[in-house]
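The values are calculated or read from the model by the stated rules, or taken from the named source; none is laboratory data. Everything quoted here is computed from the prediction, not taken from an experiment. All Cβ positions, glycine included, derive from the backbone under ideal geometry; neighbour counts span all protein chains shown. To get the accessible areas, we keep the full protein, side chains included, count just its heavy atoms, and leave off ligands, DNA and RNA. Shrake-Rupley method; radii C 1.70, N 1.55, O 1.52, S 1.80 Å.
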Amino acid sequence: FASECWLRWCWKNLHPLVELVYRPRSSRSTKMSEKYLRQQNLVLLPPEQPKYAPRDWDANNRRQNLFSLEQQALADRVISESDRIIDETKHTTVESKSEVDYRLKERLEDIQFRRDELQQQKKEAHIEEEALKVYKRRTVDAINTLREIAVPLCQKCIVLRETRQGSDLVNDAVDRELRKELDVTEGGIALLEKVLEQCVEQVRRLRATIYLLDRDLADKDRSIKIDAKNLELRPNQMELKVYAGRVPLDPYNATDEEWTMVTNRNIEATAKEINSAQPLRSYIDQLLRQVAEDIRTQVERTNAAFRQRVAEMRYTKVKLENVHKETVRQVNELTRSVTRLEREIAEKEGYVALAQTRLANRSQRPGIELCRDNVYEGLKRELGALRETIAKLDGSLVRSKATLRYLLNTQVMQEEEINLKTESLRIDEVDCITMRESFQFQSF
């Protein structure tokens, strides 16, 4: 390779001189000279280069030795400095790694402590949520019971009592208590519906805080796994390599204070919702007891009004029945009296007919025999007495018949009133009270 380079250099630098010295005069002569040169195997030598003097050579050697010594000294210093830096960096690296490991352990303990607090808050929030769900179900059951049983029962009693007839359709104490019971029941339903909305909203807020706790716990579990894995890493592991990407390795979103503040805020928000849920449960429990007690008290008052009204109705009915019995007895007696009067009038009419027949027969006497003797005077007095007696009997008969008609009308009115009382008793005692007793009102 060196000889080839030398030949190329010679040809490049000496070819013009050779061409000038041996320039042929014709193409033929040129070909002959080139052939001649090839036959003679001539070697072209380069021109002589300028050379150094021996003192320059000696100075150059001394200079190279000094330079080499300086470089060796520099290399020794660099080696010593490198060894010092290696020892120093090794110590610093070990200390840094130990400090980072300690910080990782401390961070793991801190995250674990925060995670335990979050789990405790989550457990308490779940307990409070389940308790609220129980109270929610109690409230819903109470509303359904009142709306589906108590209100229709009260309304049905009101509708049934509206079917009373005559004077029994009165706005009595039972009506007032029934309508008051309906108002109390509907008012209780309104209160329970309002507190049910509060309970549902509180459950929703608890679930929202539990969701935030779950997210925070998931992030902390992942952080624990990552830091635990980082703590187990060693610098001589095979899978480790130096990162050469352009994306920064520290894309931090928050400071440690902000991290602590977020966790504390989640814990405080959960504790706040738990503290809000506990008084709400107490209020719901107290409201359920109060509503049940108010409705139970009003139901008892209504039932007492029913019982009192039934007792009054029964007493009035018995009294009417006794009066009706006496009226029937008097009607029977009047009927018998009318019959006797009619019979007496008929008998008296027979006597009148007898007296008139005697008078008519004696008016057939002849001559002077047709005189007003004692017999005639007796017949006249008898006939007058009979007519006066018949008039008295007729007056008494008329009065008896009129009284009988009045008594019969009174009897009919009494029977109608008794029927009304019987119907009212059936509505209050059989329909309403029996239906109300079938509903056993209990606490919610």
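A compact table of results
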item	result
Positive minus negative residues near residue 179 (Lys, Arg vs Asp, Glu; Cβ under 11 Å)	-2
Acute angle (nearest 10 degrees) that the helix 173-232 long axis makes with the longest principal axis of the chain, alpha-carbon atoms	10
In Hz, Karplus ³J(HN,Hα) per residue of segment 400-410 (6.51, -1.76, 1.60; θ = phi - 60°; x = Gly, Pro)	5, 5, 5, 4, 5, 5, 4, 5, 5, 4, 4
The chain - percent of accessible surface contributed by carbon and sulfur, probe 1.4 Å	55
Charged-residue dipole, Cβ positions (Lys, Arg, Asp, Glu), the chain about Cα centre, Debye nearest 20	1800
Rounded to the nearest 20 debye, dipole of segment 155-247 from Cβ charges on Lys, Arg, Asp, Glu	840
Nearest-0.05 FRET efficiency for residue 282 and residue 208, computed from C-beta distance (R0 25 Å)	0.65
Average accessible area per residue (Å²) across the chain - probe 1.4 Å, nucleic acids and ligands excluded	71
Aspartates and glutamates with Cα under 16 Å of residue 401, excluding same-chain neighbours fewer than 8 positions away	333, 342, 344
In segment 296-405, trypsin sites (Lys or Arg not before Pro) in a DSSP loop with at most 10 other beta-carbon atoms within 10 Å	372
P(r) of segment 185-244 over all Cα-Cα pairs, binned every 5 Å from zero, in whole percent	4, 14, 10, 11, 9, 8, 8, 6, 7, 5, 5, 4, 4, 3, 2, 1
Semi-axis lengths (Å, descending) of the ellipsoid that matches the C-alpha gyration tensor of segment 125-186	39, 10, 4
Between helix 256-362 and the chain: long-axis angle, C-alpha atoms, 0 to 90°, nearest 10	10
Tally of Lys pairs whose C-alpha atoms are under 21 Å apart, taken over segment 103-173, 8 or more apart or cross-chain	4
Percent of Cα pairs exceeding the 24 Å cut-off, where the set is segment 55-210	72
R0 of 60 Å, Cβ-Cβ distance residue 362-residue 169: FRET efficiency to nearest 0.05	0.25
Cβ-defined net charge surrounding residue 199, 14 Å radius [Lys, Arg +1; Asp, Glu -1]	0
Candidate values [x] -0.62, -1.34; [y] -0.77, -1.43; [z] -0.95, -1.27, label of the one derived for log10 I(q)/I(0) by the Debye sum over Cα atoms at q = 0.09, 0.14 Å⁻¹	[z]
